[in-house]
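The values are calculated or read from the model by the stated rules, or taken from the named source; none is laboratory data. In this text the structure is predicted, and so the values were computed from the model without any measurement. Neighbour counts run over all protein chains shown; Cβ positions are idealised from the backbone, glycine included. With ligands, DNA and RNA removed, areas are computed over all heavy atoms of the protein, side chains included. Shrake-Rupley method; radii C 1.70, N 1.55, O 1.52, S 1.80 Å.
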Amino acid sequence: GVALPGLLAALLLLGGAAYLAARLDPLPPRYTGVAQASDGDSLRLRNDRIRLLGIDAPELDQVCWDEAGTEWTCGRSSEARLSSILDGGPTTCQPRGHDKYGRILATCETAGRDIGAILVSEGWAIASGAYGTEQASARAAGLGIWRGRFVDPRQWRDRGPTGAPEPNVFDRILDWFRELTGATTLR
C-alpha cells in the first residue's frame with residue numbers, strides 16, 4: 001500500500017507537465033479563408049503572404065520552351081492554374097515556419113485537395129523536398145513545364161532570364177526514339 005500514493009503523485013505530476021507543455025507550445029494556428037494567387041507558388045490569405053511548402057513554380061516573368069522550341073509564358077500559366085485552384089472554395093493552410101522574406105511557409109488545401117500536389121502533378125511546379133511521385137508522373141506525361149525545356153526557377157531567380165537550355169542526354173535519346181518510331185507521346 002505504500003507505493004500507491006507515490007505512483008499517484010508521479011502520474012499527477014506527469015499529467016500536469018503534459019498539460020502545461022501542450023498549453024505552452026500549441027500547434028500553430030491554421031489560416032482559412034478566400035485566397036488569391038500571388039504567383040505560381042505563393043498566395044495571399046487575408047493580409048498574410050503564404051509560400052507553398054515543398055514546391056517551386058516558375059517566376060511570373062519566366063518563359064519556357066515547348067517541344068518545337070517556341071517560347072511561352074510558363075510563369076503566368078502557373079499563376080493562372082493556382083488562381084483557378086483557389087477559386088474552388090475556401091483555402092486552409094497549416095503553417096510550418098517562415099521564409100527569408102517573412103512569408104509563412106505552409107501546406108494548403110482547397111476543396112480538401114493539397115494545392116502543392118495538384119500543381120506538381122499537373123506540371124505547373126517542380127518538387128522541392130516533397131511530391132516526388134507527382135513530379136515523376138507529370139514529367140513522364142510531358143505536362144505543363146515538362147512539355148519542353150525550362151530553366152529551374154531557382155536559377156531563373158538567381159541569374160535572370162536566359163535562353164533555352166540545351167536538351168540533356170535523356171531528352172536527346174527520347175527525341176531520337178520519337179523520330180524513329182513516329183511516336184509523339186513518349187516522355
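Look at region 67-96: where a residue is free of Cβ contacts under 8 Å to residues at least 12 places away in the same chain, no partner that is assigned to a helix (DSSP H, G or I) and surrounded by 14 or more Cβ atoms within 10 Å (Cβ to Cβ) sits 6+ places away or on another chain with Cβ atoms under 8 Å. Screening Cys108 on (1) buried (at least 21 other Cβ atoms within 10 Å of the Cβ); (2) over 18 Å from Val34 (Cβ atoms) shows it passes everything except condition (2). Just to be sure, is Ala106 closer than 26 Å to Arg139 by Cα and free of Cβ contacts under 8 Å to residues at least 24 places away in the same chain? So Ala106 does not fit the description; no. The condition of being among the small types (Gly, Ala, Ser), in contact with a Leu (Cβ under 9 Å, 6 or more places away or on another chain), open to solvent by 40 Å² or more (accessible area, probe 1.4 Å) and within 17 Å of Ile50 (Cα to Cα) does not hold for Ser137. For region 39-49, a residue qualifies if it is in contact with a strand residue (DSSP E or B) (Cβ under 7 Å, 6 or more places away or on another chain) and without any contact (Cβ under 8 Å) to a residue 40 or more places away in the chain, and the qualifying residues are Arg44, Arg46. List every residue pair whose Cβ atoms lie under 7 Å apart, where the two residues are 6 or more positions apart in sequence or sit on different chains, the first residue falls within region 115-143 and is charged (D, E, K, R), and the second residue, located anywhere, is surrounded by 22 or more Cβ atoms within 10 Å (Cβ to Cβ). Sorted first by the residue in region 115-143, then by its partner, the pairs are Glu122/Ala138; Glu122/Gly144; Glu134/Val120.
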